[in-house]
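To start, the structure under review is shown below, and the notes come after it.
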Amino acid sequence: MSRAVLFSTIEVTRQVFYRTSLSYAIVNLKPIVPGHVLVIPHRPVPRLSDLTTPELASLMTSVQQVGRVVERVYEGDALTIACQDGKAAGQSVPHVHFHLLPRKSHGDQFSGNNDQVYPELERVEGQLPDDLREIHGGSGHGLLKVDAEEDRKPRTTEDMEKEAIWLKGFFAEQLDS
């Protein structure tokens with residue numbers, strides 16, 4: 001059995017779909033668009049500058065590898081990759097993480113105004129601690145469905161686990177699985 005995976009102090013083991021010795025990726029509790037995932041270093045540090053060179057290299061390689069897969073399997077044309085590096089930048093969980101959002105030229109809720117994704121990321125990031133506490137009580141939206149309403153409900157652990165298992169199948173080699 002593999003060790004528990006923590007995002008700051010929150011266990012996210014069942015959400016993990018990609019893992020290396022220094023970083024991992026999880027499905028998102030309240031995705032903004034289908035395929036919105038997080039890439040995170042194993043060591044819980046609040047800022048990018050707190051990472052060692054090997055940790056940073058692993059994190060960025062993981063962002064690249066995970067990004068390729070989620071863009072392809074969610075039929076994106078591009079990716080929005082974002083990191084709020086510190087509390088003043090909007091980071092609500094004091095553990096470095098990157099948001100990866102597969103984007104479509106036509107057909108995603110932000111295709112008419114791409115810059116609207118950033119206020120939405122800020123809003124969602126600011127709600128993460130409350131949402132994470134509700135993880136077991138939230139109602140799910142299904143494997144790939146994302147509610148475009150302002151008040152999206154958090155997905156259930158079971159729904160996130162289904163998506164994580166599905167995504168795991170797209171990665172040929174994983175360390176520490």
Response to the item:
For LYS104, counting only lysines whose alpha-carbon sits under 25 Å away and dropping same-chain residues fewer than eight positions off, the answer is LYS30, LYS145, LYS153, LYS162, LYS168
Worksheet item: From the backbone phi of region 63-80, what are the Karplus-calculated ³J(HN,Hα) couplings (6.51 cos²θ - 1.76 cosθ + 1.60, θ = phi - 60°) in whole Hz, Gly and Pro given as x?
Response: 4, 5, 5, 5, x, 4, 5, 5, 4, 5, 6, 9, 6, x, 9, 6, 10, 9
Worksheet entry | Listed peptides 165-172, 97-104 by packing density, highest first (mean Cβ within 10 Å) | 97-104, 165-172
Item to complete: Read phi for every residue in region 6-12 and hand back ³J(HN,Hα) as whole Hz from Karplus 6.51 cos²θ - 1.76 cosθ + 1.60, θ = phi - 60°, with x for Gly and Pro.
Response: 10, 9, 6, 10, 9, 6, 10
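Compute the FRET efficiency between GLU11 and GLU75 as 1/(1 + (r/R0)^6), taking r as their Cβ-Cβ distance and R0 = 25 Å, and round to the nearest 0.05.
Details: r = 31 Å, r/R0 = 1.24.
It comes out at approximately 0.20.
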Practice prompt. Quick one: which residues, 5+ away or cross-chain, put their amide H under 5 Å from the amide H of ARG103? H built at 1.01 Å from N.
Written response: ASP77, ALA78, LEU79, THR80
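Taken together, the values in this text are just the output of simple stated rules run on the coordinates, not laboratory data. Small disclaimer: the values here were computed from a predicted structure and weren't measured. All Cβ positions, even for glycine, are placed from backbone atoms using ideal geometry, and neighbour counts span all protein chains on display.
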